[in-house]
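Quick notes on the structure that follows.
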Amino acid sequence: MPAKKSPSRPSARELLFGDLWEFDPAPESAPASIDDRYGLFIGGKMVAPKSKKYFDSISPRDGKKLSEIAQANAADVDAAYQAAAHAFKSWSKLPGKERGKYLFRIARLLQDRSREFAVAETLDGGKPIRESRDFDLPMAAAHFFYHAGWADKLDYVAPGRSLAPLGVIGQVIPWNFPLLMLAWKIAPALATGNTVVLKPAETTSVTAMKFASILTDAGLPPGVVNIVTGAGETGAAVVNHPLAAKIAFTGSTEVGRIIQRALATTDKRLTLELGGKAANIVFEDAPLDQAVEGIVNGIFFNQGHVCCAGSRLLVQESIATEILARLKRRIAVLRVGDPLDKNTDIGAINSKEQLTRIQQLVQSGVDEGAEIHQPACKLPKSGFYFPPTVFSNVTQSQRIANEEIFGPVLSILTFRTPEEAIEKANNTPYGLSAGVWTDKGSRILMMASKLKAGVVWANTYNKFDPSSPFGGYKESGFGREGGKHGLLDYASLQ
Amino acid sequence: MIARSSRNLCRLLEEVGPVDAVGIEERVAKYATRSIKKDSKLFALRLAVTMVDLTTLEGKDTPGKVASLCRKALCPHDAPDIPQVAAVCVYPSMVKHAARHVKGTPVRIASVATAFPSGQAPLKTRLAEVRQAVADGADEIDMVINRGAFLEGELARVQDEIAAVVEACGDAILKVILETSELETYDHIRAASFLAMRVIRPGDFIKTSTGKTSSNATLGNNQVMLDAIRDHFLATGVEIAMKPAGGIRTAKQAIQFLIAVKETLGDHWLNNRRYRFGASSLLNDLLRQLETQRTGAYQAPWTFSEDSGAY
């Protein structure tokens, strides 16, 4: 049969991703069971804040109020620390096997209620339900399972030595993976016999407060985990409390600096997991379609709200045009919109504040002469949304090549030789992660040894496992989370 | 001789680029998470019915069996608005029997040929089989490639044989079966796709498998071939069609394959001139789902006529 030239084809040799077969809305309908108002979780009980103040939690999906969150003041934080210090006396003496049982119970309860938590996470944070259902919840449960297994094996972590808990751990977590970051923090702390005062991010406190009910259902002794909510001041109270034996922080480099300064004259331990501006390096022999898939996964996963996002794409010059063309074709079929829709690939930007920041940085990219590419996609009218954005012709000196955007914005730079790729990749104050795409195994090993990044992914991107330590170099922080290395950051070697 | 041949394969692999198995499987896993509801589901189910090559390829096929297959193809179900399938697919000896029932209707006759499924017969015999099937009334020929020659590195021979079959087809559409399970790797599947696409005509097909080996069409090998079709189209402007065959038994699976087409090749491939399913039991599951959408209840399996075997 001869090829029929269709008159409706837009231009020669371009594919038509049109509306012949539109997908109907497929919203996730499971109830999220979100309370109108949440208190603080201190000493095993939900209590009203001594400050008597509450603030609104906004759903970025539609910009509407979702719940009211308690604003903890210094007195509330002190109460939480007192409860944690009291609980530490018996919790730290509990045999590891017994602590493990609690962690296993928490993991199973999370699995039981994973659908409900996934919906709550999506409503509260704006990430697509596909991701909260298939990534955040299973990974959070996996972290509890993994560390439950460690709890009774601490004598075998380092040959001939044992691990002792540190005391009360103050933990401050970010808004990009609210429940998963909570799991990353709480699971190793409890496995090693510490007790916890945790502060979730002010825009995403809902799943942390829901998690308190899991702790209650698991019968965790009162005070072992305390959750206080609030903004920067609450965070400062958590960090500066004299009872804290260690502070674990995940968030921006700017706040990380303030914390490190505040702890400078104390004997508190500190781990920081901060920002990143990861290089995703594609060599000319790479499997192109899979590299494009990895690039998309690297930068558009969770709307780019990922500290290890592959936001700087380094492409070998000989394939730069080809990669850009493929990338544009791929993002043309990404579905941007209501995060509760099961077909949504890119959901809502976490907050209005973050949206403004992304818009400003994208404008700077345009002003500084980079070429912008965005697919034609309809964004919902209410709520906070930003289309997937790719910049080509980016140079090292532009803001979009240096600053962490924390949004669905990719900057494409080119290189000619492996040496140049390494130089450009390491030419950043950050060092959290990197990606290498090549069909040549020896080149992967060479690149991995020369890239100054805590994680180097080869022919894949954004892969996580509880047994694999995660953390950065330089301004991306220090300390590791996950694996044996992560345990050692929550214990002292005896 | 052998050294030169093996370099041929290397050169082709290098030219068309590699495929990363982990990456491709991750990509296609996303198709399975798409949730297709209501009108979009009805559209997909109807579209899938029109794309079915209703197939019977058994040693025990008889003119009677082919007659009932043809009847099913023309009238899949007595509910209103059920479209006809694209074609019936039979062995060459059954073409003239099928012709009696479907000639003059929109349902086309596809015949496997070229010593299907192994292809292990002299080229002369294979070409003669193609000519006979076309003479008997076949509108479409499903050929198998010479996998032995491919793996041996005799790529020119593989390609020349395909070209010879194209010529023997005359006006009939050609579908080139790569038999993906015997090529084994995604790299080979991609290379073989290009080998075929470079000598077939616009509107001819590349097809995954014969349905006679342990593993048949998967979302993974379907994706590799769709990617190859896209790359070939963008480079040459030639539109090649695609047919996954074997192993697609449920409507749910078929919809996932269609999502792959929608997101890889776009709207111009969402029709039965550009995409087909080689299947038989799939049809009744599609009908069952269509009836479920229409009536709101699952109908018992025996309310749908069983006129095709399992494939």
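Here, each number is a calculation from the coordinates, and none is a lab measurement. Just so you know, these numbers come straight off a predicted model, no measurement behind them. Every residue, glycine among them, receives a Cβ derived from its backbone with ideal geometry; neighbour counts consider all protein chains shown.
Tabulated values for the structure
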| quantity | calculated |
| --- | --- |
| Single unsatisfied condition, A:D338 versus (1) charged (D, E, K, R); (2) in a loop (DSSP other than H, G, I, E, B); (3) within 12 Å of chain B (Cβ to nearest Cβ) | (3) |
| Meets criteria (aliphatic (A, V, I, L, M) and at the interface with chain A (Cβ under 7 Å from one of its Cβ atoms)) for B:L265 | yes |
| Boolean, B:R273 is at the interface with chain A (Cβ under 10 Å from one of its Cβ atoms) and either crowded, with 20+ Cβ neighbours inside 10 Å or part of a helix (DSSP H, G or I) (or both) | no |
| Tally, over the range A:11-45, of residues that are within 14 Å of chain B (Cβ to nearest Cβ), surrounded by 13 or more Cβ atoms within 10 Å (Cβ to Cβ) and of a type in the set (A, V, I, L, M, F, W, C) | 8 |
| Residue within the range B:121-143 that is crowded, with 19+ Cβ neighbours inside 10 Å, of a type in the set (S, T, N, Q) and in contact (Cβ under 8 Å) with a residue 24 or more places away in the chain present | no |
| So A:D112, is it without any contact (Cβ under 8 Å) to a residue 12 or more places away in the chain and closer than 20 Å to A:A187 by Cβ | yes |
| Scope the range B:35-46; condition out of contact with any strand residue (DSSP E or B) (no Cβ under 9 Å at 6 or more places or on another chain) and either in a helix (DSSP H, G or I) or surrounded by fewer than 20 Cβ atoms within 10 Å (Cβ to Cβ) (or both); matching residues | B:K37, B:K38, B:D39, B:S40, B:K41, B:L42, B:F43, B:A44, B:L45, B:R46 |
| Residue that is of a type in the set (D, E), under 17 Å from A:F211 (Cβ atoms) and out of contact with any strand residue (DSSP E or B) (no Cβ under 9 Å at 6 or more places or on another chain), where the choices are A:D112, A:D124, A:D152, A:D134 | A:D112 |
| The range A:364-414: number of residues that are in contact (Cβ under 8 Å) with a residue 40 or more places away in the chain and among the acidic types (D, E) | 2 |
| Index of the failed condition, B:A260 passing every other in (1) more than 30 Å from B:D61 (Cα to Cα); (2) without any contact (Cβ under 8 Å) to a residue 60 or more places away in the chain | (2) |
